[in-house]
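Report on the structure given below.
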Amino acid sequence: MMKPEFYYFSGFCMKLRVTTPTRHVLAIVRGQAELSCQVIPPRSVAHMEVRWFKSGHSQPVYLYRGSHNMSGEAAPEYVNRIEFVKEAIGEGKVALRIHNISISDDGPYQCSFNGTGFIDVATMNLNVTAVGLETEIHVQAPDADGVMVECNSGGWFPRPQMEWRDSNGETFLQSSKSYSQDEARFFHMKMTLLLTNRSQGSIICCIFNPVTGEEKQTNIILANELFNQDHIWMKILVLAPCIMAFEFLLFISCFFRRQGSHSMEYCYTVRLDLPTTNILIENFYHMCPESYLLGDDIYVQVGAMGSTGLCFYGHCVVMFLLQMITASSEPFTVNGLEGPVLASLGGNLELSCQLSPPQEAQHMEIRWFRNLYTEPVHLYRNGKDVFGEIISKYVERTELLKDVIGEGKVTLRIFNVTVDDDGSYHCVFKDGDFYEEHITEVKVTGGHGSF
């Protein structure tokens, strides 16, 4: 039986023991970790055998014996990833540095010292963590039950916590969650939520690491029209009879053509009155204008123009009506300044964003906000600035420069910058049901230092 080794220090007899500066070591995937241990009271351990091993492994993670590194006996998964730090070995302090950390490195480790008449072990836990790289929100097509939103995020470890929040920070409790793990043991999370009524502001997908407390948020703004199923069926109910009316008119036109009226052109004007959804056949012309008008009402003119012209023109009209059923805003993206943008305390700040591809934006809603969609820093709607909805601390401190709004570019100017202006700014362009945003980070500097 091995006898304990004692060390005499200042007249006292003390038993040697192995300790660690901390019981828990935190490491990030693909980073590095340092596992330290030492002998107390301090003394040289250069002559001792120092061994690190991991629970559940038959081979050591690292072995130091006879003043030499015994790399040949180490577990293969740690080869070329281990570094033995022994600058303070004369004082009984050593460390094992692990490079290129992976999730498989997570777990308890033991550090043992074995010398003449002495053996002791200290345990420490390596907590490996990873924060997901991307979080995506998908919105499914609305149905009779409501609008289903789905949040997906991968690349997490350990298993993170997820929740949906509204723009006021309140949590939706009725969400459904599931997860899976890939071969590398990364967690992939999925969370769904059925929204049955109109949402005020944005819906936020929150996911955070329980070890580090780090949180990621991704938000989406749902248009009120998504919760109004009547507008979808209204298009179908209105435009389907309109198509039938055109088919009927084409039949009449063909009848005239069969009667030999090849040289005369007849035209009917069909008016689709949007407010009342009435379809009216108006006016009978001998000559057809070459264009139709679109306004509060839809005017389309159809005539009998001869064999080739009739078929071509009829096809155009029917295709136009079919396109009206599925019409949507022209897609675009929003580009802006890549932060952080530096702003001097007490000075002025300008933040620009623009549409890609460039297009007219005067009819769109343009909103700048910080944390909550419903609390704008500046709001432009229906061709004018809406100052009544701006949050109080930005009242009379903002100006929207619209010199090139015809090309889809605007600039927000903030006067008299304060410390509270530091942080994220969202620039949102909304055109009908379609919207996109760009986020710019602002760093306020000056005064007594940087913030």
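Taking (1) within 27 Å of ARG165 (Cβ to Cβ); (2) surrounded by 18 or more Cβ atoms within 10 Å (Cβ to Cβ); (3) in contact (Cβ under 8 Å) with a residue 60 or more places away in the chain in turn, LEU355 satisfies each apart from (1). Filtering the range 392-413 to residues that are within 28 Å of the chain's Cα centre (by Cα) and among the small types (Gly, Ala, Ser) leaves only GLY408. Scanning the range 105-136 for residues that are buried (at least 18 other Cβ atoms within 10 Å of the Cβ), of a type in the set (A, V, I, L, M, F, W, C) and modelled with pLDDT under 90 yields a total of 1.
When ASN125, ASN100, ASN69 are checked against the criterion of being more than 29 Å from PRO42 (Cα to Cα) and not assigned by TED's automatic domain parsing to the domain that holds LYS216, ASN100 stands alone in meeting it. Among the numbered conditions (1) among the acidic types (Asp, Glu); (2) more than 31 Å from the chain's Cα centre (by Cα); (3) at pLDDT below 90, the only one that GLU87 does not meet is (3).
Remark: pairs (first residue in the range 332-349, assigned to a strand (DSSP E or B); second residue among the small types (Gly, Ala, Ser); Cβ separation under 8 Å; 6+ apart in sequence or on different chains) = THR333/SER356; VAL334/SER356; ASN335/SER356; GLY336/SER352; SER344/GLY446; LEU349/ALA343.
Please return the ranges of strands (runs of 3 or more DSSP E) entirely within the range 393-440 where 3 or more residues are more than 25 Å from GLY347 (Cβ to Cβ). Qualifying strands (runs of 3 or more DSSP E): 423-431.
How many of the residues in the range 111-120 are of a type in the set (A, V, I, L, M, F, W, C), within 19 Å of HIS57 (Cα to Cα) and touching a Phe, Trp or Tyr at 6+ places or on another chain (Cβ under 8 Å)? Can you show your working first?
Restricting attention to the range 111-120, the residues satisfying the condition of being of a type in the set (A, V, I, L, M, F, W, C) are 111, 113, 118-119.
Filter once more, keeping what is within 19 Å of HIS57 (Cα to Cα): 111, 113.
Now restrict to residues that are touching a Phe, Trp or Tyr at 6+ places or on another chain (Cβ under 8 Å): 111.
Of the residues in the range 111-120, 1 are of a type in the set (A, V, I, L, M, F, W, C), within 19 Å of HIS57 (Cα to Cα) and touching a Phe, Trp or Tyr at 6+ places or on another chain (Cβ under 8 Å).
The values are calculated or read from the model by the stated rules, or taken from the named source; none is laboratory data. This is a predicted model, so every value here is computed, not measured. Methodologically, a virtual Cβ is constructed for each residue, glycine included, from the backbone with ideal geometry; neighbour enumeration extends over all protein chains shown.
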